[in-house]
Amino acid sequence: MDKHLNVGIYIIEILTLGMYPDELAVIREYIQNSTDSITTAIDQGILGDSEGRVTIHMDDTKRSITISDNGTGINPELAVDILTSIGDSNKDGESTAGFRGIGRLAGIAYCDQLSFKTSNRGSNKYITVHFDCKTIRHLIKNHRITKSHIDDMVNCISILPTIF
């Protein structure tokens, strides 16, 4: 008997709108990820105790928010696996704010487009993982008609490698 785990796309709704009831919770999640990255950078001696920075830029014209930090970032070679995983995190939940590996997905419930651009010190490239959240929400809404599964979400993710 061939075993197969069939995961419906409603799991994304549960992990986004179900856990993050408003858009302010999304911003909190992203700031927590930034502070975790900064804490790691301080622990590794990359930053001094008072050198960590989180910057929030809001653009009313584009209706966008950009949150950036000067923490450790993610190695571009590992970024796709890390940023597209669901419920898989190497954070311990004791020395970090996050630990479940789902916080970055919170924006799917509130954004039309969601991008994570990352690099790390010593790397000459960065990578952008982009989620088409509007289409993901459409898949969730029309699940009963289309029988969408979580595998269908893969078509809503694009990877943009870039070299400095």
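Miscellaneous remarks
- With helices as the sole contributors, the chain gives -8500 deg cm²/dmol at 222 nm; each DSSP H run of n ≥ 4 counts as -39500 (n - 2.57), and the sum is divided by every residue.
- If the segment from residue 134 to residue 152 were pulled out straight at 0.36 nm per residue, it would be longer than the present Cα-Cα gap by 5.1 nm.
- Cut-off 9 Å between beta-carbons: net charge of the residues surrounding residue 162, Lys and Arg +1, Asp and Glu -1: +2
- Take the Cβ atoms of residue 19 and residue 124, set R0 to 45 Å, and the FRET efficiency comes out at 0.80.
- For the chain, the relative contact order comes to 24 percent (Cα pairs under 8 Å, sequence separation of at least 6).
- Site pair residue 5 and residue 63 shows an inter-label distance of 3.6 nm when each label is modelled 7 Å from Cα along Cα→Cβ.
- With Cα atoms, 0 to 90° folded angle of helix 23-43 axis to the chain main axis: 40
- Accessible area of region 1-85 belonging to carbon and sulfur atoms, whole % at 1.4 Å probe: 53
- Stretching the chain fully between residue 159 and residue 112 yields a gain of 15.2 nm (0.36 nm per residue, less the alpha carbon separation).
- Lysine pair count for the chain (Cα-Cα distance under 26 Å; residues 8 or more apart in sequence or on different chains): 9.
The values are calculated or read from the model by the stated rules, or taken from the named source; none is laboratory data. Since this is a predicted model, take the numbers as computed values, not measurements. Virtual Cβ from ideal backbone geometry, glycine too; neighbours counted across all protein chains shown. Heads up: the accessible areas ignore ligands, DNA and RNA and are worked out on the full protein's heavy atoms, side chains in. Shrake-Rupley method; radii C 1.70, N 1.55, O 1.52, S 1.80 Å.
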